[in-house]
Amino acid sequence: MDLQEFINQFGSAACIMSVEMKPDGSYGKMCIENGNKAYLSTFEQNGKSDVNQPNKTFQPGLDYTAYIPKDLNFEHFIYSCAVLNKPMHAYVHPDRYNMWFNLFSVPVDFGDPNKRYCIYTQEMSTKVNIDQMTNLSAKTTSDILKTCIKLRSTKNFLKTMDEVIADIRTICGANFCCIMLTDFKTNTCSLLSESTAPEIGHHSLNDFLNISFIEIVKSWPSTIAGSSCLIIRNDIDMEELKARNPRWHASMQEAKIKSLVLFPLQYNHETIGFIWATNFDTKDTDRIKETLELTTFFIASEVANYQLLQKLEMLSSTDLLTGVKNRNAMNNRVLRIVTGRERMPNSYGVIFADLNGLKTVNDDKGHRAGDKLLKKAADTLKTTFSGSEIYRAGGDEFVIIFMGTQKEDIESKIEQLHKMAEDPNNVSFALGFYYEEKCGDIRVAMREADTRMYADKKHFYETHPESRTH
């Protein structure tokens with residue numbers, strides 16, 4: 001049969017793909033045997049949009065990588081159709097192209113014992129087609145709908161994300177699944193949620209979130225190589241990963257990871273994190289990919305909203321001048337403690353620290369100099385009482401709350417502040433300290449610390465009468 005004549009019968013953009021079959025049952029080259037005029041014209045447009053794949057004159061029978069970058073997802077799509085005789089459909093938006101692809105493939109038999117064939121067609125659009133995006137199987141639709149309902153009805157975002165990631169791990173048949181948030185601008189990663197199969201014991205990504213791991217995470221976008229995701233199913237895929245990213249491959253081998261699903265979480269064209277599952281059920285790859293492609297769309301949106309609320313909360317609770325928490329944050333925390341929404345340890349400490357001499361500086365050198373003194377005071381407190389909650393209660397007054405710190409340790413740091421103040425170039429505080437050992441009312445502790453601070457300030461003015469204008 002004349003393959004070119006056969007493919008020319010298709011009105012939409014179409015080509016014939018072949019998969020070389022090896023004696024051991026594995027596959028070799030995947031080639032574009034022929035394409036109709038409509039397909040070749042779109043193919044040329046794709047080539048122009050990829051600087052790493054310059055246009056070439058089409059030659060029938062060449063490996064597809066002669067024209068487009070190697071893509072493991074594309075290979076699985078073609079393999080499933082041509083070799084496994086499964087009609088395939090996908091609706092995707094690869095990062096390397098600024099358009100959506102509606103892909104179809106059906107198996108065909110040309111009687112060649114050394115090759116398997118399929119008809120591959122594609123439609124492209126710069127705008128998303130919601131009908132195509134939601135054209136899913138009943139099982140996949142049900143799973144995605146459950147996720148959406150949980151996300152939209154939650155009153156506890158973090159708890160719900162734990163439930164969602166556990167559901168996704170079950171869908172994938174994986175031994176581990178997690179959502180990790182990333183900020184490549186600040187070179188940071190954080191674990192949002194994770195789920196581990198009971199049979200593999202305790203396993204947390206937090207145990208591995210170090211600088212070395214973050215450097216590997218930063219390499220993931222280039223390893224995905226412009227595709228919509230990365231799926232490692234078998235040894236062939238693992239060898240491709242080794243070629244692309246040997247350092248990551250080595251870490252996976254060390255962790256005994258045999259298969260992997262990795263989807264970036266993207267919002268407003270930025271990667272805000274990743275969802276990944278390890279040692280998943282590779283026999284169900286197509287349904288897993290179909291489910292996660294849309295699920296990650298909704299999860300990314302909810303995560304972005306959560307991050308926005310966190311930023312707004314931070315702005316509403318942070319003193320913008322000094323960077324410590326503000327009075328509003330202090331009042332809210334005290335309210336949580338008093339109403340029982342935050343558990344208090346039996347023993348805790350409270351310090352009231354009033355900056356000495358601020359009014360004198362404001363009067364003599366101006367408020368800009370006063371602001372610099374306040375920043376210096378906050379920095380001194382953050383350095384001295386690292387790890388404790390520091391609040392700017394107002395004006396020149398700061399409050400520090402200690403949880404789980406020994407009384408002697410706090411007193412040692414207070415003494416350190418007093419010694420630092422002996423140098424006129426350092427800041428000076430009037431300090432009031434109260435330590436509660438029997439889980440008493442925090443409001444009583446704060447009033448007592450405040451009273452002791454004023455006694456210390458009185459002593460300061462008695463020994464420094466030149467500052468009495470404060």
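Some values worked out for this structure:
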item	result
Residue within the stretch 391-402 that is over 23 Å from Asn328 (Cβ atoms) and assigned by TED's automatic domain parsing to the domain that holds Pro345 present	no
Candidates Ala82, Ala66, Ala138, filtered to the one that is of a type outside the set (S, T, N, Q), within 21 Å of Asn34 (Cα to Cα) and without any contact (Cβ under 8 Å) to a residue 12 or more places away in the chain	Ala66
Residue that is surrounded by the fewest Cβ atoms within 10 Å (Cβ to Cβ) [pool: residues in the stretch 340-369 that are outside any helix (DSSP H, G or I) and among the acidic types (Asp, Glu)]	Glu342
Odd one out for Ala393, checked against (1) assigned to a helix (DSSP H, G or I); (2) within 19 Å of Tyr454 (Cα to Cα); (3) at pLDDT below 95	(1)
Verdict on Glu254 being among the acidic types (Asp, Glu) and either more than 15 Å from the chain's Cα centre (by Cα) or crowded, with 18+ Cβ neighbours inside 10 Å (or both)	yes
One residue from Lys70, Lys155 being of a type outside the set (Asp, Glu) and more than 23 Å from the chain's Cα centre (by Cα)	Lys70
Pick from the stretch 93-109, criterion at pLDDT below 90 and either touching a Leu at 6+ places or on another chain (Cβ under 7 Å) or of a type outside the set (Asp, Glu) (or both), ranking: surrounded by the fewest Cβ atoms within 10 Å (Cβ to Cβ)	Asn98
Matching residues, the stretch 1-25, being surrounded by 12 or more Cβ atoms within 10 Å (Cβ to Cβ) and either modelled with pLDDT of 95 or more or not in a helix (DSSP H, G or I) (or both)	Asn8, Phe10, Ser12, Ala13, Ala14, Cys15, Ile16, Met17, Ser18, Val19, Glu20, Met21
Members of the stretch 257-269 found to be more than 16 Å from Phe176 (Cα to Cα) and either of a type in the set (Ser, Thr, Tyr) or loosely packed, with under 14 Cβ neighbours inside 10 Å (or both), listed by number	Tyr267, Asn268, His269
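The values are calculated or read from the model by the stated rules, or taken from the named source; none is laboratory data. This structure is a prediction, so every number in the text was calculated from the model and none was measured. Note: ideal-geometry Cβ built from the backbone for every residue, glycine included; neighbour counts use all protein chains shown.
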